[in-house]
Amino acid sequence: MSVFQKWGLKEIINASGKMTALGASAITHTVAEAMGQAASSFVKIDDLFVAAGKPIAEATGAEDGCPTTGAAAGIAISVAAVIAGTNLSLIERIPDTEGLKNQIIIQKGQSVNFGAPIRQMIAIGGGRVVEVGQANLVEPSHIEDAITENTAALIYIKSHHAVQKGMVSLEDMIAIAKRHGVPLIVDAAAEEDLRKYIRLGADLVLYSGGKAIGGPTSGFICGRHDLIEACRAQYKGVGRPMKIGKEGIVGLLTALEEYLAWDATGSVRRQQNESMRWLVGELQGIPGVTCELRQDEAGRQIYRAYIQIDATIVGKTALDVIRELESGDPAIYTRNHYANVGCIAIDPRPLFPGQEKVIARELKRILGKEGSP
Ligand SMILES: *Cc1c(COP(=O)(O)O)cnc(C)c1O
């Protein structure tokens, strides 16, 4: 029984991933407990923000950190911070930055939509977006040529949504930023590595708390102390409609703590692989269906079950199967990046124990193995 059923919503099984559209992450009981305690007490919020900087700094190797409602807010607040700094009069003007150093340079192949446009998040922070190069090819000279006395920062989007080939590398962009004395912001929203971009020399790096970290709807920015102070200061301006509350900050910090200690022995991942191997075995032998375990395309230690459907034998396309899974009760949501070529993937990370059995049962029913006695 899901809490959402009270409002007439169907129970769902998420075999898709950490999708905002399905509620991103399901937090642990420890995180929920900490959030409940925070929500039902008081604290001096300015002090909580400063205190949160320490564990974020420790987790990332940065000088300081600032909580946000998410990575999208992280973009807007970072941009506002590099433009307005800690000057209250400027902070109160954002997003009006007429006459200020306000240009934000982005490679065209990284000016994408993650659920909302990156451009719009930059504009909310008062940035004037300067897209350079072409969608499939950007050269370092495109970036160098675009830098003027009005450049406030360069931004680099590390994401599977962005074009992966033909872009200027982060290392090269950092070198260019340093040569010209402009800050570099990295959007690392869904990245698992919390230290890499700071180590490489980025000035501000922003993450989502609800993606890799598995926390509640939240996020953070980490980086140079002076710029993080400027980020915190934006809550007196454009940051206000993106306010994260005390329970969100405590949830984020507790989830961060668990993330750093998570799976030290690898037992969670072994269990996930085990359940996907079981699922592949269960579906083997259905006419027109081939299954295999395949590693994550981005090389992360995630093994998903891939179900290849031959529509001429099954009599249904992968898209038909997906529609049936989603219209069931519980509704099952799979990972459908390759559905156009007949392939459905099952992501083990968001599954609760035993849900792979429900998925196997429903798939067998839809694919016809259990259709006849
Ligand atoms: C998901 C995502 C965001 C937004 O993250 P939220 O925490 O949902 O605000 C921003 N940028 C990229 C590249 C993303 O993938």
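The values are calculated or read from the model by the stated rules, or taken from the named source; none is laboratory data. In this text the structure is predicted, and so the values were computed from the model without any measurement. Cβ atoms come from the backbone with ideal geometry, glycine included; neighbour counts cover every protein chain shown.
Tallying residues that are surrounded by 12 or more Cβ atoms within 10 Å (Cβ to Cβ) and aromatic (Phe, Trp, Tyr) within segment 1-30 yields 1. Taking segment 10-33 as the range and being within 16 Å of the ligand (Cβ to nearest atom) and out of contact with any helix residue (DSSP H, G or I) (no Cβ under 7 Å at 6 or more places or on another chain) as the test, the residues that pass are GLY17, LYS18, MET19, THR20, ALA21, LEU22, GLY23, ALA24, SER25, ALA26. Criterion applied to GLU282, GLU356, GLU292, GLU324 was being assigned to a strand (DSSP E or B) and either among the acidic types (Asp, Glu) or within 28 Å of HIS29 (Cα to Cα) (or both), and the one residue passing it is GLU292.
Name the residues in segment 197-251 that are more than 16 Å from the ligand (Cβ to nearest atom) and under 27 Å from ALA26 (Cα atoms), would you?
Quick first cut of segment 197-251, residues more than 16 Å from the ligand (Cβ to nearest atom) only: 198-201, 203, 223-230, 232-233, 235-237, 240, 246-247, 250.
Those that are more than 16 Å from the ligand (Cβ to nearest atom) and under 27 Å from ALA26 (Cα atoms): ARG240, LYS246, GLU247, VAL250.
The set of residues from segment 31-49 being surrounded by 13 or more Cβ atoms within 10 Å (Cβ to Cβ) and of a type in the set (Ser, Thr, Tyr) is empty. State whether the residues of segment 172-190 include one that is at pLDDT below 95, of a type in the set (Asp, Glu), under 21 Å from the mean Cα position of the chain (by Cα) and within 22 Å of PHE114 (Cα to Cα). Within segment 172-190, none of the residues are at pLDDT below 95, of a type in the set (Asp, Glu), under 21 Å from the mean Cα position of the chain (by Cα) and within 22 Å of PHE114 (Cα to Cα). When every residue of segment 90-97 is checked against the conditions, at least one turns out to be over 23 Å from ALA177 (Cα atoms), surrounded by fewer than 13 Cβ atoms within 10 Å (Cβ to Cβ) and out of contact with any strand residue (DSSP E or B) (no Cβ under 9 Å at 6 or more places or on another chain). Being of a type in the set (Gly, Ala, Ser), assigned by TED's automatic domain parsing to the domain that holds GLY251 and within 16 Å of the ligand (Cβ to nearest atom) holds for only one residue in GLY65, GLY53, and it is GLY65.
When the criteria are applied in full, ILE83 meets the requirement of being in contact with a Ser or Thr (Cβ under 8 Å, 6 or more places away or on another chain) and more than 16 Å from the ligand (Cβ to nearest atom).
Of everything listed in (1) out of contact with any Pro (no Cβ under 9 Å at 6 or more places or on another chain); (2) away from the ligand (no atom under 12 Å from the Cβ); (3) not hydroxyl-bearing (Ser, Thr, Tyr), the single unmet condition for ALA153 is (1). Considering only residues in segment 171-196 that are of a type in the set (Gly, Ala, Ser) and within 10 Å of the ligand (Cβ to nearest atom), the one that is farthest from ILE143 (Cα to Cα) turns out to be ALA190. Among the residues of segment 241-250, those that are assigned to a helix (DSSP H, G or I) and either farther than 18 Å from ALA39 by Cβ or in contact with a Ser or Thr (Cβ under 6 Å, 6 or more places away or on another chain) (or both) comprise PRO241, MET242, GLY248.
Flag set for ASP64, criterion: surrounded by 15 or more Cβ atoms within 10 Å (Cβ to Cβ) and among the acidic types (Asp, Glu). Annotation note: of ILE286, ILE322, ILE344, the sole residue that is touching a Leu at 6+ places or on another chain (Cβ under 7 Å), surrounded by 15 or more Cβ atoms within 10 Å (Cβ to Cβ) and on the phi < 0 side of the Ramachandran plot is ILE286.
Would you point out the residue of segment 160-170, among those that are buried (at least 17 other Cβ atoms within 10 Å of the Cβ) and not β-branched (Val, Ile, Thr), that is nearest to the ligand (Cβ to nearest atom)? Restricting to residues being buried (at least 17 other Cβ atoms within 10 Å of the Cβ) and not β-branched (Val, Ile, Thr), the top hit is ALA162.
Mind checking whether some residue in segment 208-216 is in a helix (DSSP H, G or I) and farther than 21 Å from GLY125 by Cα? No, that holds for no residue.
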